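Presented below is the structure to which this report refers.
The values are calculated or read from the model by the stated rules, or taken from the named source; none is laboratory data. This structure is a prediction, so every number in the text was calculated from the model and none was measured. Glycine also receives a Cβ, built like all others from the backbone with ideal geometry; neighbour counts cover every protein chain displayed. In case anyone asks, the SASA skips ligands and DNA or RNA and just uses the protein heavy atoms, side chains included. Shrake-Rupley method; radii C 1.70, N 1.55, O 1.52, S 1.80 Å.
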Amino acid sequence: MGSISSPGIGSGINVNQLVSQLVAAERAPQEQRIARRETDARADLTAFNQIKTALSSLRTAANALDGSSGVAGRKATIQADAGFTATATSAAALGRYTIEVESLATAQKRQSGPVTTSADLGTGTLSFTVGTETFNVTLGATNTITQLRDAINTATAGKGLAATVVNGDSGSVLVLNAAKAGTAGAITINATGSIATFTNGLAVTTTATNAVVKVDGVTRTADSNRLTDLIGGVTIDLTKAQDNSTFTLDIVADNANVRTAMQSFVGAYNAALTQLRNASAFNAETRVGGPLVGDAAVRGLQQQLRGAIGDAFDELSTLGIKSSKDGSLSIDVSKFDAALAASPSAVERLFDKEIAGSLGAVLSARLEGAVAPNTGLLDARTKALNDRLKGLLSDRERLDVRISRIEDNYRRQFTALDGLVSQLQSTSSFLTQELARLPGAG
């Protein structure tokens, strides 16, 4: 049967409390050191993640100005009640045009007389010609109006023309719709055999016509109501013919997109600079520094960003970009719009990564070196910090093992001392009792 041990009962020494206090005193300095290093590493990790997010946003904002987003746009302004709409790309020249829509392009439509759905329309050979294409229709022994519709649609497969059946009060009517507007899309029917009697009755209900439009007195004929090459960089959709009525189309500058993109870049640059500054700042009054105070990598990133802006500041200044004492940027919108009016592609050239030495090329290289996944500076620092945290976790585990051994040693020692003191106290009591029995002890 195992013995029951209650350290301290015999001697009066509080062994458990004494051991706990000694163990705590042994653990405290080392545990505090580990905890302090963990706190510092986590603060550094958070700071680097925040910096990476800010620099990634800056790279995205800079890339947005490389290409069409960096080119001043164009906006089409149309006089009220005009028979057309228009959109313009950045390639369109600024100017005013006088436009007259004489006629719209229409697609031909043919329609048969009404027949019953069960009527046999006959057989023979049947083909349709639209422009340069001919579609031969395979006919069965009997052909109802729905069978003829299906045979036509199978042969044309949606090209050139399409057939449908409209069921009215007087019977069913076959309708042929040309797929393309204009005279080039007109449908020619060739039929032999008994089916010709029915197809000869496919009368033209809508005539194929071309669009006719005049721009500043210059006539253009087209087989579509959408004109993409009438005016360079402008797409015009004709909606209503108004012969002898002219309307104005103004192509004006539209800087909204590129202005917004530039404002986003300025904001992202300021946010990145602030993040770097806060992470490495030191307050002389409170003597408290940021988590990365004195870090060479952070100082290097700050210098690289400010250096890139400084090298391109003449061009930025021309665009209305101003710098304050702390290095942050701001934009003078009026000056920016005036600069784009004078040179619509100025921003695009400044941020074109393909131009050696441009702001876009320099920022792309420096930011890529900082935020590239796995190979970038910030990912390397983040990995090192995560490795440090893993090492500190191992240190904590080793500390737990060592403290557990120390506690066991203390407990064995004090348990033995407790037993010894208890024996000495018992011996003392025995001797006291025996001495008290001796003659004259009183």
Exercise. Out of Glu100, Glu26, Glu31, Glu38, which single residue is acidic (Asp, Glu) and buried (at least 20 other Cβ atoms within 10 Å of the Cβ)?
Worked result: Glu100
Exercise. Between residues in the stretch 145-164 that are in contact (Cβ under 8 Å) with a residue 60 or more places away in the chain and residues that are not in a loop (DSSP other than H, G, I, E, B), which pairs lie under 7 Å by C-beta distance while being six or more apart or on different chains?
Worked result: none
For this session: For Thr156, work out the one condition from (1) open to solvent by less than 40 Å² (accessible area, probe 1.4 Å); (2) over 24 Å from Gly122 (Cα atoms) it doesn't fulfil.
Result: (2)
For this session: Considering only the stretch 42-68, state which residues are touching a Ser or Thr at 6+ places or on another chain (Cβ under 8 Å), closer than 13 Å to Thr382 by Cα and either free of Cβ contacts under 8 Å to residues at least 24 places away in the same chain or surrounded by fewer than 17 Cβ atoms within 10 Å (Cβ to Cβ) (or both).
Result: Asn49
Problem set entry | Residues (open to solvent by 20 Å² or more (accessible area, probe 1.4 Å), of a type in the set (Ser, Thr, Tyr) and within 15 Å of Ala151 (Cβ to Cβ)) located in the stretch 103-126 | Thr123, Thr125
Exercise. Which of (1) modelled with pLDDT of 95 or more; (2) surrounded by fewer than 18 Cβ atoms within 10 Å (Cβ to Cβ); (3) within 43 Å of the chain's Cα centre (by Cα) does Val213 not meet, given it meets every other one?
Worked result: (2)
For this session: Please work out if Val204 is modelled with pLDDT of 95 or more and either crowded, with 16+ Cβ neighbours inside 10 Å or acidic (Asp, Glu) (or both).
Result: no
Exercise. How do the pairs read when you match residues in the stretch 274-285 that are hydrophobic (A, V, I, L, M, F, W, C) and in a helix (DSSP H, G or I) with residues anywhere that are open to solvent by 60 Å² or more (accessible area, probe 1.4 Å) and modelled with pLDDT under 90, using Cβ under 7 Å and keeping only pairs 6 or more apart or on different chains?
Worked result: Ala279/Pro291
For this session: Out of Asp408, Asp395, Asp387, report the one residue that is out of contact with any Cys (no Cβ under 6 Å at 6 or more places or on another chain), of a type outside the set (Gly, Ala, Ser) and within 30 Å of Val371 (Cβ to Cβ).
Result: Asp387
Seminar exercise, completed: Listed by range, strands (runs of 3 or more DSSP E) wholly within the stretch 163-233 having at least 1 residues that are closer than 23 Å to Asp243 by Cβ and small (Gly, Ala, Ser) are 211-215, 218-222
For this session: Collect the residues in the stretch 165-201 that are more than 15 Å from Arg110 (Cβ to Cβ) and open to solvent by 40 Å² or more (accessible area, probe 1.4 Å), keeping them in residue-number order.
Result: Asn167, Gly168, Asp169, Ser170, Ala184, Thr192, Gly193, Ser194, Thr197
For this session: Enumerate the helices (runs of 4 or more DSSP H) found wholly within the stretch 307-407, keeping only those where 3 or more residues are hydrophobic (A, V, I, L, M, F, W, C) and under 18 Å from Ala61 (Cα atoms).
Result: 346-351, 359-371
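Here is a yes/no grid of residues against (1) touching a Phe, Trp or Tyr at 6+ places or on another chain (Cβ under 6 Å); (2) within 30 Å of Arg59 (Cβ to Cβ):
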| residue | (1), (2) |
| --- | --- |
| Arg226 | no, no |
| Asp229 | no, no |
| Leu238 | yes, no |
| Phe247 | no, no |
| Leu273 | no, yes |
| Arg277 | no, yes |
Seminar exercise, completed: The residue from Val252, Val258 that alone is closer than 30 Å to Leu230 by Cβ, buried (at least 18 other Cβ atoms within 10 Å of the Cβ) and not small (Gly, Ala, Ser) is Val258
Exercise. Hey, any hits in the stretch 294-305 for a residue that's under 13 Å from Leu359 (Cβ atoms) and either aliphatic (A, V, I, L, M) or open to solvent by 40 Å² or more (accessible area, probe 1.4 Å) (or both)?
Worked result: yes
Exercise. Among the residues of the stretch 365-373, is any over 24 Å from Ile309 (Cβ atoms), at pLDDT below 90, open to solvent by 50 Å² or more (accessible area, probe 1.4 Å) and under 42 Å from the mean Cα position of the chain (by Cα)?
Worked result: yes
Exercise. Within the stretch 128-138, can you find the residues that are within 15 Å of Ala186 (Cβ to Cβ) and surrounded by 12 or more Cβ atoms within 10 Å (Cβ to Cβ)?
Worked result: Phe128, Thr129, Val130, Gly131, Thr134, Phe135
Seminar exercise, completed: Among strands (runs of 3 or more DSSP E) entirely within the stretch 55-129, at least 3 residues that are at pLDDT below 95 occur in 73-78
Seminar exercise, completed: Reported set for the stretch 139-153 where residues are part of a helix (DSSP H, G or I) and open to solvent by 30 Å² or more (accessible area, probe 1.4 Å) is Thr146, Gln147, Arg149, Asp150, Asn153
Seminar exercise, completed: Of those in the stretch 323-347 that are farther than 27 Å from Val252 by Cβ and touching a helix residue (DSSP H, G or I) at 6+ places or on another chain (Cβ under 9 Å), the residue surrounded by the fewest Cβ atoms within 10 Å (Cβ to Cβ) is Asp326
Exercise. In the stretch 226-236, what count of residues is obtained for those that are touching a residue at least 40 places away in the same chain (Cβ under 8 Å) and open to solvent by 40 Å² or more (accessible area, probe 1.4 Å)?
Worked result: 1
